[in-house]
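The values are calculated or read from the model by the stated rules, or taken from the named source; none is laboratory data. Note that the structure is predicted; figures quoted are calculated from it, not measured. Backbone-built Cβ (ideal geometry, glycine too); neighbour counts: all protein chains shown. Note: areas computed on protein heavy atoms with side chains; ligands, DNA, RNA excluded. Shrake-Rupley method; radii C 1.70, N 1.55, O 1.52, S 1.80 Å.
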Amino acid sequence: MFERIYEYFVTEPRRLIGLGNKLVLTGAFLLVLGAIGNVMTGVSAFALSFGKQVVNPQTLADLYPSIPTWFVPESIIGCAPAALLMVIGFSIASLGQRLKRAYF
């Protein structure tokens, strides 16, 4: 089974490059969502501080309870898998480029 996966990617290095690019874009998208979420929670906490409200929303789940936000990284530990996804994507795309140069 794994031999077929190996042959699928090695025979066409463009597939490997495409997979790497998609992993990089997915990781970057998650990091951008995390940055936007951080800004949104910061702005809401800032706006509620003017109203002297006691309880400030700490997470996106507190701020938007009806929207699924489980995939949005909200801390450094949460951003680590997205950054790792980008690193893996870069290395896979680089491997695809090297195979493309070697074969074609």
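Observations on the model:
Conditions tested, residue by residue: (1) of a type in the set (A, V, I, L, M, F, W, C); (2) assigned to a loop (DSSP other than H, G, I, E, B); (3) touching an Asp or Glu at 6+ places or on another chain (Cβ under 9 Å); (4) under 30 Å from Lys100 (Cβ atoms).
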position: Tyr6; (1), (2), (3), (4): no, no, no, yes
position: Val10; (1), (2), (3), (4): yes, no, no, yes
position: Arg14; (1), (2), (3), (4): no, no, no, yes
position: Asn21; (1), (2), (3), (4): no, no, no, yes
position: Leu25; (1), (2), (3), (4): yes, no, no, yes
position: Thr69; (1), (2), (3), (4): no, yes, no, no
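- Residue count for the stretch 44-58 satisfying the condition of being open to solvent by 50 Å² or more (accessible area, probe 1.4 Å), in contact with a helix residue (DSSP H, G or I) (Cβ under 9 Å, 6 or more places away or on another chain) and modelled with pLDDT of 75 or more: 1.
- Positions within the stretch 19-43 being among the small types (Gly, Ala, Ser) and open to solvent by 20 Å² or more (accessible area, probe 1.4 Å), in sequence order: Ala28, Ala35, Gly42
- Complete set of residues in the stretch 71-104 that are exposed (fewer than 15 other Cβ atoms within 10 Å of the Cβ) and not in a helix (DSSP H, G or I): Phe71, Ser75, Phe104
- Matching residues, the stretch 60-91, being free of Cβ contacts under 8 Å to residues at least 40 places away in the same chain, β-branched (Val, Ile, Thr) and touching a helix residue (DSSP H, G or I) at 6+ places or on another chain (Cβ under 7 Å): Thr69
- Every test in (1) more than 17 Å from Val87 (Cα to Cα); (2) modelled with pLDDT of 90 or more is passed by Leu25 save one, and that test is (1).
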